[in-house]
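Here the structure is laid out as structure tokens; the discussion comes afterwards.
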Amino acid sequence: MGQGAEDAGFYEMEYNPYDYEESHGYTVWTGRDGVTYNVSDMSERHLKNSIKIVGRLAAAATFSCEEDEWNDWIDVFEEQLYTLQRNSLKKDIEKRKETKTTEKTVQRGAKVDLVCWCGKQYSARKADLKRGWAKSCCKSHAAIKRDYGRPDPKTLEGKNYKEALK
């Protein structure tokens, strides 16, 4: 970008850090304090703030070429923001998949193999037995046991279930 009168025989160049060539092809952003940032290294918050600032500069531009330059910067920032958000979404999906597979493999509490009063074998958690639950193979047998007084379950060796809890 230049300033001056060409008809006077001279043309004075003005340094613009946001120009395409000066900013290495819209890859380096110069902050207000003069610090340069690679657009690919900017955080999501930094990109959003830069888009707001550049939008205000584009609205206040007096020449159409300046407005076009600022709009090009907005496009660059929005593209990088989209890339960051897409990568973040991919990482979240991978984390969810990892946690789902680990949750399925984790087993809750130690179990004891028991025999119901009806003769069916089943597994019950020790914590449930300590609470007074899991004394039958199913809910209907638990109701019959409660109403008609069937015996407590036995271990596979024929011992009382309370001995298996120790």
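The values are calculated or read from the model by the stated rules, or taken from the named source; none is laboratory data. These numbers were taken from a predicted model, which means no experiment stands behind them. Cβ atoms come from the backbone with ideal geometry, glycine included; neighbour counts cover every protein chain shown.
How do the pairs read when you match residues in segment 89-113 that are at pLDDT 75 or above with residues anywhere that are of a type in the set (S, T, Y), using Cβ under 9 Å and keeping only pairs 6 or more apart or on different chains?
Hits for this filter: K111/S123; V112/S123; V112/T155; V112/Y161; D113/Y122; D113/S123; D113/T155.
Restricting attention to segment 133-164, report how many residues are over 13 Å from L114 (Cβ atoms), among the hydrophobic types (A, V, I, L, M, F, W, C) and exposed (fewer than 12 other Cβ atoms within 10 Å of the Cβ).
1
Looking at (1) within 30 Å of S40 (Cβ to Cβ); (2) free of Cβ contacts under 8 Å to residues at least 40 places away in the same chain, find the lone condition where L84 falls short.
(2)
Within segment 5-61, which residues are modelled with pLDDT of 60 or more, polar (S, T, N, Q) and out of contact with any helix residue (DSSP H, G or I) (no Cβ under 7 Å at 6 or more places or on another chain)?
Selection gives N16, T30, T36, N38, S43, N49.
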